[in-house]
Amino acid sequence: MKLLIGWDTQDITPAQPVELMGQYYQRVSKSVRDPLVVTALALEQTTANATEQCVMVSVDIVGLEETFLEEVRAAVRDQVPGLNTQRVFLNATHIHTGPSWFTTRNWWVPAAHVVQREEVRSFLLRQVVRAVANAWDARRPGQAGWASAYAPTGFCRRSLYADGHAEMYGETNRTDFIGLEAGNDPEVRMLFAWNERDQLSGLILNVACPAQVMEAGYVVSGDFFGELRKRVQATYGPQAHLLPQVSAAGDQSPRNLPAQAHNEPNYWNESGLLAVADRLEKAVAEGYESARRCRQQALLFKHTMTPLVLPIRRAGVEEYRAACAEVAHLTSPYPDGATAARELFAKFVAVTRAAEGRQAHGPFDNKELEFVKLENAKAVIDRYGIQERAPNFAMELHAVRLGDCAFVTNPFELYLDYGQMIQARSRAKKTFIVQLACGVGGYLPTTRAVAAGGYGSLIINGRVGPEGGRMLVDSTVKAISQIWSGELERRTRPEAEFSRVKEQPLEMATSAK
């Protein structure tokens, strides 16, 4: 019942300038602060009854499309005999300081002098497949132990006002500011692994915060995960890999908004990045000693994948009519809709560039400007037109048991509340929620967020709403219970139905910022 463990890390840093992905406006990189990487952890265990496998892959990128995952699996299937590629899953660290490599919105013309998206995608595919293959080849008997520590990393980024509305990164020094919409999760969940030479071979680090201190900059960087990776290897040796995972954090950022103007490091630039890395470095040191004392070789290991179909978030008749009226109002001063969109976007960019030169911290783009309102309304109209023929969203739900720990995946920028529901109801002693895994589903907001409005809670921002969020929570808790009890129930929905839903058209959800 020995657990075989293998690691690999591959560099995915662009060699030339690239467009950076993750904002509503164009940014071209000017420098590289630290490398971007893909890290793979391969696990295998054979018992008298079965062989379990899992390859977790973390990528320093904004998001990973489901089609890309299928390309990875197809390439791995050809190169790595003996590995069940359905047991390979990818997660993104959601940096906004990495290359643009798939299309979300065509609001500007891609720069001609940078590495193009097709080249980025091809390079990324090669490096991810190489990492998976190398990690699989490197698997050897090892030991693992889990630990947790507390380090404030993420904070709610939705400011709530007296009239009930919310704004992403809204000003908190207003007289009508009444607090942040949700809480935060300061726990740092860690799984450490040791090799046969008693060296730390790597660790999984899971925090409820996307790696976005530098999100509005013009530099290539792994953000605070990149800085932490460097420190881990300096302390524990070059053989120590770091595999970051972002927990439920769709409404979180590395900024305490009420305090950001009061003698704090600037959590929009490198000073804030270093401050977050300092906290996480201390958490790793604390967790290392705890996990070392309880490490084991014969950990119970199970891995299941459940095809899950969730209802998309629908636009109501009144929403649709209001959106049509909004589009008519915003475009009326212009000869046609295309001209309106082009000129309003130009004004949006001009305001953003002016803010970049004036403000000490972000956000530099204003989501209350007319261009954004126009796109929000158009998204409602598009959803209303497609929701009857494409009413569902298909996803993979992976559940992995490793000793007392559970790892569960979802493809969303999942609001914190859902993660807390899952953790509270989980049978595992430690639950690692892995968002932005196996696809890009956009934000998944709560009922209260939808009621308050604002960026991150609108139809344009995601494919699934609170109804689907509750179903996701229930399905995730059920998947954990099944791998704890060993009673793997038959799927209630055949895979043919899952495949059919996957092929249904649906507009790409914007996952910027």
(request) Might you let me know whether segment 333-347 holds any residue that is small (Gly, Ala, Ser) and either assigned by TED's automatic domain parsing to the domain that holds Gly453 or more than 15 Å from Glu375 (Cβ to Cβ) (or both)? (result) no
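Only one of Val80, Val37 is surrounded by 22 or more Cβ atoms within 10 Å (Cβ to Cβ) and in contact (Cβ under 8 Å) with a residue 40 or more places away in the chain; which? It would help to see each step written out before you state the result.
On the way: Val80 fails: surrounded by 22 or more Cβ atoms within 10 Å (Cβ to Cβ).
Exactly one residue qualifies, and that residue is Val37.
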(request) Scan segment 279-304 residue by residue and report those that are buried (at least 18 other Cβ atoms within 10 Å of the Cβ) and either part of a strand (DSSP E or B) or not assigned by TED's automatic domain parsing to the domain that holds Ser475 (or both). (result) Phe301, Lys302, His303
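Return the total of residues in segment 221-235 being at positive phi and surrounded by fewer than 24 Cβ atoms within 10 Å (Cβ to Cβ).
Keep residues of segment 221-235 that are at positive phi, which gives 223.
Then keep just the ones that are surrounded by fewer than 24 Cβ atoms within 10 Å (Cβ to Cβ); that gives none.
Residues flagged as at positive phi and surrounded by fewer than 24 Cβ atoms within 10 Å (Cβ to Cβ) within segment 221-235 amount to 0.
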(request) Give me a count of the residues in segment 379-403 that are buried (at least 21 other Cβ atoms within 10 Å of the Cβ) and either modelled with pLDDT under 95 or outside any strand (DSSP E or B) (or both). (result) 2
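Kindly indicate which of Phe345, Phe371 is farther than 30 Å from Asn84 by Cα, buried (at least 22 other Cβ atoms within 10 Å of the Cβ) and over 24 Å from the mean Cα position of the chain (by Cα). Explain how you work it out, then say what you get.
Details: Phe345 fails: buried (at least 22 other Cβ atoms within 10 Å of the Cβ).
Sole residue among the options that is farther than 30 Å from Asn84 by Cα, buried (at least 22 other Cβ atoms within 10 Å of the Cβ) and over 24 Å from the mean Cα position of the chain (by Cα): Phe371.
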(request) Among the numbered conditions (1) touching a strand residue (DSSP E or B) at 6+ places or on another chain (Cβ under 8 Å); (2) surrounded by fewer than 20 Cβ atoms within 10 Å (Cβ to Cβ), tell me where Tyr25 comes up short. (result) (1)
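Name the single residue, out of those in segment 423-453 being part of a helix (DSSP H, G or I) and touching a helix residue (DSSP H, G or I) at 6+ places or on another chain (Cβ under 7 Å), that is farthest from Glu167 (Cα to Cα).
Residues of segment 423-453 part of a helix (DSSP H, G or I): 423-425, 447-452.
If we keep only those that are touching a helix residue (DSSP H, G or I) at 6+ places or on another chain (Cβ under 7 Å) as well, we get 425, 447, 450.
Working: Arg425: 30, Thr447: 15, Val450: 11 Å.
Among them, the one singled out is Arg425.
Please find, among Ala133, Ala144, Ala149, Ala193, the residue that is touching a helix residue (DSSP H, G or I) at 6+ places or on another chain (Cβ under 6 Å) and under 25 Å from Lys430 (Cα atoms). Before you say what the answer is, go through the steps one by one.
Working: Ala133 fails: under 25 Å from Lys430 (Cα atoms); Ala144 fails: touching a helix residue (DSSP H, G or I) at 6+ places or on another chain (Cβ under 6 Å); Ala193 fails: touching a helix residue (DSSP H, G or I) at 6+ places or on another chain (Cβ under 6 Å).
That would be Ala149, the only listed residue that is touching a helix residue (DSSP H, G or I) at 6+ places or on another chain (Cβ under 6 Å) and under 25 Å from Lys430 (Cα atoms).
Would you say Gly217 is at pLDDT 95 or above, at positive phi and more than 17 Å from the chain's Cα centre (by Cα)?
On the way: at pLDDT 95 or above: yes; at positive phi: no; more than 17 Å from the chain's Cα centre (by Cα): yes.
No: the conditions fail for Gly217.
Inside segment 305-319, can you point out the residues that are crowded, with 17+ Cβ neighbours inside 10 Å and within 21 Å of Ala451 (Cβ to Cβ)? Before you say what the answer is, go through the steps one by one.
Pass one, segment 305-319, residues crowded, with 17+ Cβ neighbours inside 10 Å: 305-310, 312-313, 315.
Answer for segment 305-319, where residues must be crowded, with 17+ Cβ neighbours inside 10 Å and within 21 Å of Ala451 (Cβ to Cβ): Leu310, Ile312, Arg313, Ala315.
Here is a check on your reading of the model: is Leu330 in a helix (DSSP H, G or I), surrounded by 14 or more Cβ atoms within 10 Å (Cβ to Cβ), outside the structural domain of Asn134 (by TED's automatic domain parsing) and at pLDDT 95 or above?
Working: in a helix (DSSP H, G or I): yes; surrounded by 14 or more Cβ atoms within 10 Å (Cβ to Cβ): yes; outside the structural domain of Asn134 (by TED's automatic domain parsing): yes; at pLDDT 95 or above: yes.
Criteria met by Leu330.
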(request) Need at least 3 residues that are crowded, with 18+ Cβ neighbours inside 10 Å per element, so show me which strands (runs of 3 or more DSSP E) inside segment 118-220 make the cut, counting only ones lying wholly within it. (result) 143-150, 158-161, 166-168, 187-194, 200-207
(message) Regarding segment 320-340, can at least one residue be identified that is within 21 Å of Gly468 (Cα to Cα) and not aliphatic (A, V, I, L, M)?
(response) yes
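Taking the stated definitions as given, is Ala112 hydrophobic (A, V, I, L, M, F, W, C), crowded, with 16+ Cβ neighbours inside 10 Å and over 23 Å from Gln239 (Cβ atoms)? Step through it out loud before you land on a result.
Values: hydrophobic (A, V, I, L, M, F, W, C): yes; crowded, with 16+ Cβ neighbours inside 10 Å: no; over 23 Å from Gln239 (Cβ atoms): yes.
Considered against the rule, which asks whether it is hydrophobic (A, V, I, L, M, F, W, C), crowded, with 16+ Cβ neighbours inside 10 Å and over 23 Å from Gln239 (Cβ atoms), Ala112 comes out as no.
With respect to Glu413, is the statement that it is outside the structural domain of Leu472 (by TED's automatic domain parsing), buried (at least 16 other Cβ atoms within 10 Å of the Cβ), closer than 27 Å to Glu181 by Cβ and modelled with pLDDT of 95 or more true?
On the way: outside the structural domain of Leu472 (by TED's automatic domain parsing): no; buried (at least 16 other Cβ atoms within 10 Å of the Cβ): yes; closer than 27 Å to Glu181 by Cβ: yes; modelled with pLDDT of 95 or more: yes.
The answer is no for Glu413.
The values are calculated or read from the model by the stated rules, or taken from the named source; none is laboratory data. If you're wondering where the values come from, they're calculated on a predicted model, not measured in any experiment. Cβ coordinates were reconstructed from backbone atoms using ideal geometry, including for glycine residues, and neighbour counts include every protein chain displayed.
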